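A short write-up of the structure that comes next.
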Amino acid sequence: MPADDSGRDPGAGAHQQSRAAAPPRQEVEAQLRQVADALSPLRAASSRSAIAHAVVRLLAGAAVACRVDVADDTRDARDWILLARTHRTGRADIAAAADDLGASAALAGKAAVVPDRDRELSWVVIPLVANQATLGSLRVALDGASGPSSAELAYLHHIASSLANGLASAELHEQSERISRRLQESLLPHALPSAAWFEVAARYVPATAGMHVGGDWYDAELVSADELAFSVGDVAGHGVEAAARMGELRSAMHAFRQLSRAPDELIALMHRLCEPPGYFATALCARLDPLGALRWASAGHLPPILARPDGVVAALPVNQSPPLGAGLEGTVRLNEWAVAAGDTVVLYTDGLIERRDEPLDVSLDRLAGQLGRLIEHGHGPGPGELLEAVVQSRQTSTPVRDDIAAIAVRLRAG
């Protein structure tokens, strides 16, 4: 039984028992061949760590011990970063033996076989090379100080090659995710406004699949001392193109707001901006004042949710125009509602509620019921806690296949 991937020995097996349980050479060769076949080709996982752990688990049956390290290029002197390791039960004595073993050879791009006669095993150190760059090393300990057979060595080289290619692909994936997250963060507000008469909170969660960037957005700003403008929107699609379009629409909406436009006028201007059709997006723009006058206009977006302190929650009725890019005939309707002190207005995108297997009205009722229960049980002292709770619930219930953007505003007592 192998130790766990962190290198901890789950059981205390005797040294002699471990040697007696060593598989015969032909069995080791067969196991290595199976691993090599399984990793040809190695599909890129979500991270280098996930790939490394998968490989050491596959090698655990054939090897006494194995580990995968990557080179750390962030420091002046190149160091090793351990990604994954495992060892056979009862052989924890060799776990530390490979810390520096073969490091110089691997960094030089050379494979090495290092006998350990005291422990009656051989270390095979193979550099992980992809795109003419040494990414790290695979170190495998096999029974017998005489070294691996030519077939075993060939299989280990094949495994190392597949592993290196997988690590290179995963590294590119990780870099893309870091870039996409930074892009999304740069397009969303860095801070939310504050005043004595309201509380505001927002959340953005990328979809669990693909690049962590999309076309959902939220925004909020004080357009005057006694009026808060806040909005939410969703550009169709995912990835960098959707994010770029979202940035354009959000920036345009911000610029139009400087003209003190009412929500219906603002949405009408956004419709004109999207002609001729090139975008397809939904958006909702709202304004709230200290007396509780809520005004909003919608371009095909989901209705606002109003949550009261007593736990009564409902979607507000909406007169809305078509989505942006779908063409506007007629005028944009303005919606109005009286918000009382303690009420919370929630704007959100469809990633928070929609599920493929249920109608939209069922999804809306589920969100309203969830918010009501949170307030009744005292878990909603602030908009931030309400949003955090519903977003976490959405993430744990089913995979989030669409981005989530949400903003909540609570009117304080005057």
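Against the condition assigned to a loop (DSSP other than H, G, I, E, B) and surrounded by fewer than 19 Cβ atoms within 10 Å (Cβ to Cβ), how does L291 come out, does it pass?
yes
May I ask you to verify whether V332 is crowded, with 16+ Cβ neighbours inside 10 Å, among the aliphatic types (A, V, I, L, M) and in a strand (DSSP E or B)?
no
Tell me which of these E358 doesn't satisfy, since it passes every other one: (1) in contact with a Lys or Arg (Cβ under 9 Å, 6 or more places away or on another chain); (2) loosely packed, with under 13 Cβ neighbours inside 10 Å; (3) in contact (Cβ under 8 Å) with a residue 12 or more places away in the chain.
In the conditions (1) in contact with a Lys or Arg (Cβ under 9 Å, 6 or more places away or on another chain); (2) loosely packed, with under 13 Cβ neighbours inside 10 Å; (3) in contact (Cβ under 8 Å) with a residue 12 or more places away in the chain, E358 misses (3) alone.
With (1) under 26 Å from L222 (Cβ atoms); (2) out of contact with any strand residue (DSSP E or B) (no Cβ under 8 Å at 6 or more places or on another chain); (3) surrounded by fewer than 18 Cβ atoms within 10 Å (Cβ to Cβ) as the list, and R261 as the residue in question, which single condition is left unmet?
Result: R261 fails condition (3) only.
Condition check ((1) crowded, with 21+ Cβ neighbours inside 10 Å; (2) under 26 Å from S169 (Cβ atoms); (3) assigned by TED's automatic domain parsing to the domain that holds A145; (4) modelled with pLDDT under 85) across all residues:
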site	(1), (2), (3), (4)
R33	no, yes, yes, yes
P41	no, yes, yes, yes
A50	no, yes, yes, no
C66	yes, yes, yes, no
A96	no, no, yes, yes
A103	no, yes, yes, yes
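With (1) at pLDDT 70 or above; (2) not in a helix (DSSP H, G or I) as the list, and P10 as the residue in question, which single condition is left unmet?
Unmet condition: (1).
Each row is one residue, and each column tells you yes or no for (1) in contact with a Ser or Thr (Cβ under 7 Å, 6 or more places away or on another chain); (2) at pLDDT below 70; (3) not assigned by TED's automatic domain parsing to the domain that holds L172.
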residue	(1), (2), (3)
R85	no, no, no
D93	no, no, no
D100	no, yes, no
K110	no, no, no
P115	yes, no, no
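Yes/no matrix, rows are residues, columns are (1) over 30 Å from the mean Cα position of the chain (by Cα); (2) among the acidic types (D, E); (3) at pLDDT 95 or above:
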{"site": "P290", "(1), (2), (3)": "yes, no, yes"}
{"site": "A293", "(1), (2), (3)": "yes, no, yes"}
{"site": "P303", "(1), (2), (3)": "no, no, yes"}
{"site": "P309", "(1), (2), (3)": "yes, no, no"}
{"site": "A314", "(1), (2), (3)": "yes, no, no"}
{"site": "G325", "(1), (2), (3)": "no, no, no"}
{"site": "L328", "(1), (2), (3)": "yes, no, no"}
{"site": "N335", "(1), (2), (3)": "yes, no, yes"}
{"site": "Y348", "(1), (2), (3)": "no, no, yes"}
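The values are calculated or read from the model by the stated rules, or taken from the named source; none is laboratory data. Just so it is clear, the model here is predicted, and its values are computed rather than measured. As a convention, Cβ positions derive from the backbone with ideal geometry for all residues, glycine included, and neighbour counts pool all protein chains shown.
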